[in-house]
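Participant: Following this message is one structure expressed as structure tokens.
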Amino acid sequence: MIDREQVRHVARLARLSLSEDEEARITEQLSGILEHVEKISALDLNGVEPTTHVIELTNRFRPDVPVEAPPREVLLEAAPEGDGDSAGFEVPSPQA
């Protein structure tokens, strides 16, 4: 279904550098995927409801209810540094 030249073309578009082995493997994998899609496309799926899960799931989160935030002073008690008014939390630099 898919040949190596098509894989090379897509790799160029995605700016990927593929080895010969990777090209062969991806060609085989993509062809297999398209064969499965072709089989599914041949099925009569009229009247079949689309699903995201095979079993029904329910949301298990608590309701999103706004609550009053604690006072600033209480939150800043856990701050490691500061002089009272300018207390803050120190976060490591990404380069560290």
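The values are calculated or read from the model by the stated rules, or taken from the named source; none is laboratory data. Bear in mind that the values here come from a model prediction, so they are computed numbers and not experimental data. Using ideal geometry, Cβ is built from the backbone for each residue, glycine included, and neighbour counts are taken over all protein chains shown.
Participant: What about Ala87, is it at pLDDT 95 or above and among the small types (Gly, Ala, Ser)?
Facilitator: no
Participant: Considering only residues that are surrounded by fewer than 12 Cβ atoms within 10 Å (Cβ to Cβ) and of a type in the set (Asp, Glu), which ones fall in the range 4-27?
Facilitator: Glu5, Glu20, Asp21
Participant: Looking at the range 2-23, which of its residues are on the phi < 0 side of the Ramachandran plot and outside any helix (DSSP H, G or I)?
Facilitator: Ile2, Asp3, Ala14, Leu16, Ser17, Leu18, Ser19
Participant: On the basis of being at pLDDT 90 or above and β-branched (Val, Ile, Thr), does Val10 make the cut?
Facilitator: Yes, satisfied.
Participant: Of all residues being closer than 10 Å to Val7 by Cβ and not hydrophobic (A, V, I, L, M, F, W, C) in the range 29-44, which is nearest to the chain's Cα centre (by Cα)? Just the residue, please.
Facilitator: Filtering the range 29-44 for residues that are closer than 10 Å to Val7 by Cβ and not hydrophobic (A, V, I, L, M, F, W, C), the one nearest to the chain's Cα centre (by Cα) comes out as Gln29.
Participant: Another question, if that's okay. May I ask you to list the residues in the range 58-84 that are more than 22 Å from the chain's Cα centre (by Cα), part of a loop (DSSP other than H, G, I, E, B) and not small (Gly, Ala, Ser)?
Facilitator: Hits for the range 58-84 are Arg62, Pro63, Asp64, Val65, Pro66, Val67, Glu68, Pro70, Pro71, Glu77, Pro80, Asp83.
Participant: Hey, among Ile40, Ile33, Ile26, Ile55, which residue is of a type in the set (A, V, I, L, M), at pLDDT below 95 and part of a helix (DSSP H, G or I)?
Facilitator: Ile40
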